[in-house]
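The values are calculated or read from the model by the stated rules, or taken from the named source; none is laboratory data. Fair warning: this is a prediction, and the values are worked out from it, not measured in the lab. Positions of Cβ are backbone-derived with ideal geometry, glycine not excepted, and every protein chain shown enters the neighbour counts.
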Amino acid sequence: MTARPSVSVVIPVKDDAAQLERCLRSLGRQTRPADEIVVVDNGSSDDSRAVAERHGARVITELRPGIPAAAAAGFDAAAGSIIARCDADTRVPATWIADLVDALERADAVTGPGRLRGVPRWVSIAYDIAYLAACAPALGHPPLFGSNYAMTAAAWRSIAREVHRDDPELHDDLDVSFHLGLRHRIARHRHLMVSISARPFADEASFRRRLWRGWHSVISHWPGQFPPVRWAQRPLRRLRRRMLSGAPRS
């Protein structure tokens, strides 16, 4: 029999206590509860820490600004054999953790889309299509979505020293995708759906900044990870995964 995997959920937060409260409530209703929830306080001046502690989360502090540093610190601190990641404004269905664990039987990292709250459904669909269309060609595989993904702890440890922690303008999920996809399989499943806030699209300035960060996140990995280079590596990555498929996971 295979031992039951332990699951850590990592949530970076800065001054988002009200949204964090709702996120933690949804995590408290899981059919398969997390073994631990790690909330990374990235310099909050509100009561985000108190909210996290009230819900039984383990709170760590990361003073370097930006989600890349905060998320990486949470992954480093996670004790589980599986590390799940969401944001303070994420609300997850009751089977989220169970579904992630199930999906990780067939991949080293799994991800799903996010449904934007408070906007027409077609806007969410268009955003999801645009995200995939922009990121998948640059990566040569599906991108992780920062509000909704999980990976094995072993996969994280294999890239922990490579990720860009000190650039707050990077999208951390794209950065992890670049490094993880070089030697691990990332699978995307539409049924792994979560609900997210539409705040990044509330005004033109926020939307432009999000687009710029996406472009910055991609070109920061060039020329070494230029798209044709990554595409050429795909057969080698598939061969490597087949060779390692029989190896036991830690």
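Just a few scattered comments:
- Top-ranked residue in region 141-170 [being aliphatic (A, V, I, L, M) and in a loop (DSSP other than H, G, I, E, B); ranked as farthest from residue 129 (Cα to Cα)]: 160
- Cβ-Cβ contacts under 9 Å between residues 6 or more apart (or on different chains), taken from a first residue in region 57-84 that is farther than 21 Å from residue 167 by Cβ and aromatic (Phe, Trp, Tyr) to a second residue that is at pLDDT below 95 and crowded, with 17+ Cβ neighbours inside 10 Å, are absent.
- Here residue 37 meets each of (1) farther than 19 Å from residue 194 by Cα; (2) at pLDDT 95 or above with one exception, condition (1).
- For region 207-224, the condition holds for no residue, the condition being that it is closer than 16 Å to residue 131 by Cβ and part of a loop (DSSP other than H, G, I, E, B).
- Each residue in region 4-31 was checked for being in contact with a strand residue (DSSP E or B) (Cβ under 8 Å, 6 or more places away or on another chain) and among the charged types (D, E, K, R), and 2 pass.
- Within region 42-56, the residues that satisfy the criterion of being surrounded by 16 or more Cβ atoms within 10 Å (Cβ to Cβ) and either within 18 Å of the chain's Cα centre (by Cα) or over 23 Å from residue 82 (Cα atoms) (or both) are 42, 44, 48, 49, 51.
- Scan region 81-107 for residues that are within 25 Å of residue 17 (Cβ to Cβ), in a loop (DSSP other than H, G, I, E, B), out of contact with any Phe, Trp or Tyr (no Cβ under 9 Å at 6 or more places or on another chain) and not β-branched (Val, Ile, Thr) and the total you get is 5.
- Residue list for region 18-41, filter: buried (at least 16 other Cβ atoms within 10 Å of the Cβ) and hydroxyl-bearing (Ser, Thr, Tyr): 26
- Checklist (1) without any contact (Cβ under 8 Å) to a residue 40 or more places away in the chain; (2) of a type in the set (D, E, K, R); (3) within 23 Å of residue 6 (Cβ to Cβ) applied to residue 185, failing item: (1)
- Residue selected from region 114-129 under the condition surrounded by 11 or more Cβ atoms within 10 Å (Cβ to Cβ) and of a type in the set (A, V, I, L, M, F, W, C), by the criterion nearest to residue 186 (Cα to Cα): 129
- Residue, farthest from residue 74 (Cα to Cα), within region 1-17, restricted to residues that are surrounded by fewer than 21 Cβ atoms within 10 Å (Cβ to Cβ) and hydroxyl-bearing (Ser, Thr, Tyr): 2
- Hits in region 108-132 (condition: farther than 19 Å from residue 175 by Cβ and in a helix (DSSP H, G or I)): 121, 122, 123, 124, 125, 126, 127, 128, 129, 130
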